[in-house]
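For reference, the structure discussed in these notes is given below.
The values are calculated or read from the model by the stated rules, or taken from the named source; none is laboratory data. In this text the structure is predicted, and so the values were computed from the model without any measurement. When we count neighbours, we look across all protein chains shown, and the Cβ atoms used for this are built from the backbone with ideal geometry, even at glycine. Heads up: the accessible areas ignore ligands, DNA and RNA and are worked out on the full protein's heavy atoms, side chains in. Shrake-Rupley method; radii C 1.70, N 1.55, O 1.52, S 1.80 Å.
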Amino acid sequence: MKSSVELKVERASIIDAQQVIADAAKKDGFTPDQEARFDALQTEIDTVNLSILRAEKFEVSQAARSAAGKTVSDPVIDAPKKTARFSLLKALRSLSNGSALSGAEKEVHEQTQTEMRAQGLETRDGLVISLPMQNRNQSVDGNSGTKGGALVASTPELVRPLQPTMALEALGVNVMSGLVGDVPLPTSGAFSFSYAAENAAVSATDVSFAGPTLKPKRCAGVVDISKKLLAQTSFDIEAYIIEQINIAYGNAVLESAINGAGGSAPNGLLNLITTNVDTTAGVGTYDTIVALEGLIDDADAGSVNRGYLSDTKLRSALKTTKIDAGSGVFLTDGKELNGYNYMTSTLVPTLDTNKHPIIFGDWNQLTVGYWGSVSIMVDPYTQAANSNVRLIIEGYSDVAVSNEKAFAVNKVMTLS
């Protein structure tokens, strides 16, 4: 049975989730989904309120029972229990054996699922662990109330979060975490400031948030992992598993940002860019590179974080291509291209067997959004004959471009 203090903390987290929805609905009122989530959270609050009353009455009874007992010479103060460090390996081991989560792993899972419900995301039942995608401190698992445990200091452990690794962030891509519901983006982000006299009126900036909308899209993967690996207790093994999940999730987001087909997946840049398209085919030259910059300049697009992106094979070709016959200077050193940051990825696709696209643009106009958590469902049966455990990993994310005119593309470059 939880103490009244623990229940009040739980109630506060539910109220916070309800407040997030209320804040989002201040301007235009509740959407049907927001109203349903708000009412569901209120039902949870009412239930916890009853549990708090029950716990408080029980604690009063316990105090009265203690007072009626024998007098002891020294007060007994229970020290708090040692705070257990969250362990993903421990959670996966328990679930792979069909056991329920307990301790710090159960606490993190339940807290994350509460946040997911507040965000309108589907939560999974059964053999599953839900993890946050941002840093979080564990609460202290100790005694409270009249026993004095709350007076004893404790140092909480840091729960290492799942955070997708996406190299494209180095170009200045906007990354938003912990999103709630649909998130409309402005078409250009053109907030304007101007100087004015001390008491003079300042004109309001009328920025339309009528651009693209980030919507939670399910991104999932299936991994078979050996039971021998799960049996390890090394923190390095746990860090390795988390790192591999982050890399795989980040690669999926990056691939969609570049060439996503839309629909259940994000719509990628190679499909979105329709205004600034250079159709000069053949080997990349200084003129074809600069032409992409000119297309964006003519479109009066942004220039906050401009840079180039291509596959690794095109970069190798450009590193051996001279600006002109007499200069002896090559187009790129592999890090910069015509003075701008130059990144490459094997996830940039080759088109029509020998065409290598290159994208130039203001990457500040590309936004990646994450909806707060990742769930890992454990299937101990499908690969049991191979002594493996199957993990079904899923999260919610999306990619959107505020202004497609801020990007230019050449899809028909070749290597030779």
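Only one of these conditions is not met by Lys81: (1) modelled with pLDDT under 80; (2) open to solvent by 60 Å² or more (accessible area, probe 1.4 Å); (3) in a helix (DSSP H, G or I). Which number is it?
Evaluating Lys81 over (1) modelled with pLDDT under 80; (2) open to solvent by 60 Å² or more (accessible area, probe 1.4 Å); (3) in a helix (DSSP H, G or I) leaves (3) as the failure.
Being modelled with pLDDT of 95 or more and touching a His at 6+ places or on another chain (Cβ under 6 Å) is the requirement here; does Leu314 meet it?
yes
For Arg65, indicate whether it is modelled with pLDDT of 80 or more and over 18 Å from Glu110 (Cα atoms).
no
In the stretch 125-154, which residue that is at pLDDT 75 or above and open to solvent by less than 50 Å² (accessible area, probe 1.4 Å) is farthest from Glu35 (Cα to Cα)?
Leu127
Can you tell me which residue in the stretch 337-352 is least open to solvent (accessible area, probe 1.4 Å), limited to those that are among the polar types (S, T, N, Q) and assigned to a strand (DSSP E or B)?
The extreme case among them is Thr344.
Looking only at residues that are over 30 Å from Ser94 (Cβ atoms) and under 17 Å from the mean Cα position of the chain (by Cα) in the stretch 224-281, which one is most open to solvent (accessible area, probe 1.4 Å)?
Here the residue is Glu255.
Any chance you could count how many residues in the stretch 282-336 are open to solvent by less than 70 Å² (accessible area, probe 1.4 Å) and either aliphatic (A, V, I, L, M) or not in a helix (DSSP H, G or I) (or both)?
Summing the residues that are open to solvent by less than 70 Å² (accessible area, probe 1.4 Å) and either aliphatic (A, V, I, L, M) or not in a helix (DSSP H, G or I) (or both) in the stretch 282-336 gives 30.
Looking at (1) touching a residue at least 40 places away in the same chain (Cβ under 8 Å); (2) touching a helix residue (DSSP H, G or I) at 6+ places or on another chain (Cβ under 7 Å), find the lone condition where Tyr308 falls short.
(2)
So which pairs qualify, if the first residue must be in the stretch 318-335 and more than 15 Å from Leu415 (Cα to Cα) and in contact (Cβ under 8 Å) with a residue 24 or more places away in the chain, the second must be hydroxyl-bearing (Ser, Thr, Tyr) and outside any loop (DSSP other than H, G, I, E, B), the Cβ gap must be under 6 Å, and the two must be at least 6 apart or on different chains?
So the pair list comes out as Ile323/Tyr286.
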